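Below: one structure, written as structure tokens.
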Amino acid sequence: MRLIKPLLAALALAVLAGCATAPVPGPTPAKSAQVVSTEIKSMLWLGNSFFYYNNSMHGHVSQLLSAAGAKNMRSSSATISGSGINWHDLEAHFKPGGVASYSFVGDNEVRFNTFDKPFDGVMMMDCSQCPIHPQLQSIFHEYAAKHSATARSHGAAPIFFMSWAYQDKPEMTQQLAIEYIKAGKQNKALVVPAGLAFATSLAKRPELTLHVADKRHPTLAGTYLAACTVLASVYKINPVGLSYTAGLPIDVAAHLQVTAWETSQAFHAKEGRGSL
């Protein structure tokens, strides 16, 4: 005991001395598929015709990112016409050697891509009325949770795209918002308030058509507005003043840019950003 007491005292002094100095940095943790990105450099878009109309929304987001000076960004779109969120096998899109494993560059040359994981984020939406349909609402929430877990298991952040109301059913705006916000909270996921941006634009400029004749799918202006909202929400980039306008008149593009930014800022100030 006489030997043990002085030893314990010396050990205690050493611990105190260590606490008084700056800690020595430990080894950098190895990259793991369980570590979810907070910076989205590569995105998988999982959805339906609301995404692929007008030469695909992800293409317009890519153009906006380029106009903002962002580099080394990637995106892939996996869409099924008329699909609900449960139609998609998200796990299959992370299969090694599958989606995004190669690209065409230059003069039709193939470049095989090498990366730790194919995507940093997964943008997903349900069919346009599924989250509020009495027979399908439970499926929306079930697969919102399942797909969120799958995305995170591969190191990707789940992101929900809040779609817009039908042209002749404006009440859908708030109904869809409630369910997407709920899904975002339950799964700690970012929600892109595209539907709210549509409603705001229509309130400010009702003459600017955001729907095609079927009253559901987006015009080019609608797709551009949604793309600007994605830019503002996911990438935290203000689209106002960017040179890429998708060929829309300058005043129209400017209105849509401002609407997307202001809607995104107000929404995230109130509802947060999930894990992003």
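The values are calculated or read from the model by the stated rules, or taken from the named source; none is laboratory data. All values derive from a computational prediction rather than experimental measurement. Using ideal geometry, Cβ is built from the backbone for each residue, glycine included, and neighbour counts are taken over all protein chains shown. Just so you know, the surface numbers come from the protein's heavy atoms only, side chains and all, with ligands and any DNA or RNA stripped out. Shrake-Rupley method; radii C 1.70, N 1.55, O 1.52, S 1.80 Å.
So which of Lys71/Lys215; Lys146/Lys182; Lys117/Lys270; Lys41/Lys185; Lys95/Lys270 end up more than 26 Å apart by C-alpha? Walk me through the numbers on the way to the answer.
Details: Lys71/Lys215 36 Å; Lys146/Lys182 15 Å; Lys117/Lys270 32 Å; Lys41/Lys185 23 Å; Lys95/Lys270 37 Å.
Result: Lys71/Lys215; Lys117/Lys270; Lys95/Lys270 exceed 26 Å.
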Quiz item: What is the local net charge at Ile178, summed over the other residues whose Cβ is closer than 12 Å to its Cβ (Lys, Arg +1; Asp, Glu -1)?
Solution: -1
Exercise. Return the calculated 222 nm mean residue ellipticity for the chain, to the nearest 500 deg cm²/dmol, obtained by summing -39500 (n - 2.57) across DSSP H runs with n ≥ 4 and dividing by the residue count.
Key: -13000 deg cm²/dmol
Quiz item: Ranked highest first by the average count of other Cβ atoms within 10 Å around their residues, in what order do 57-68, 109-120, 137-148, 229-240 fall?
Solution: 229-240, 57-68, 137-148, 109-120
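Give me the number: length gained by fully extending Ile250 to Glu271, i.e. 0.36 nm times residue separation minus the C-alpha to C-alpha distance, one decimal in nm. Walk me through the numbers on the way to the answer.
On the way: separation 21, 0.36 × 21 = 7.56 nm, distance 3.13 nm.
The Ile250-Glu271 span can extend by a further 4.4 nm.
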Quiz item: Full extension from Ser243 to Ser153: what is 0.36 nm times the residue separation minus their Cα-Cα distance, to one decimal in nm?
Solution: 28.7 nm
Quiz item: Separation between the Lys204 and Lys169 pseudo-spin-labels, each 7 Å from Cα along Cα→Cβ, expressed in nm?
Solution: 2.7
Quiz item: Which of the aspartates and glutamates could a cross-linker span from Lys236 if the Cα-Cα distance has to be under 13 Å and same-chain partners fewer than 8 positions apart are dropped?
Solution: Glu39, Glu262
Self-check item: Dipole axis of the chain (+1 Lys, Arg; -1 Asp, Glu on Cβ), positive-most option in Ala157, Gly82, Pro206
Solution: Ala157
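When a/c is below 1.5 the answer is rounded, else prolate if a/b is larger than b/c, else oblate, so apply that to segment 119-276 with a ≥ b ≥ c taken from the square roots of the Cα gyration tensor eigenvalues.
Working: a/c = 2.01, a/b = 1.33, b/c = 1.51.
Oblate.
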Quiz item: Placing +1 at every Lys and Arg Cβ and -1 at every Asp and Glu Cβ, with all other atoms neutral, what dipole size does the chain have around its Cα centre, in debye to the nearest 20?
Solution: 1040
Quiz prompt | Pair Phe104, Asp116: separation of 7 Å Cα→Cβ label points (nm) | solution = 3.1
Quiz item: Leaving out ligands, DNA and RNA, what percent of the accessible area of the chain is carbon and sulfur, probe 1.4 Å?
Solution: 58
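Counting heavy atoms of the protein chains only and a 1.4 Å probe, report the per residue accessible area for the chain as a whole number of Å². Numbers along the way, then the final one.
Working: 14070 Å² over 276 residues.
Per-residue value: 51 Å².
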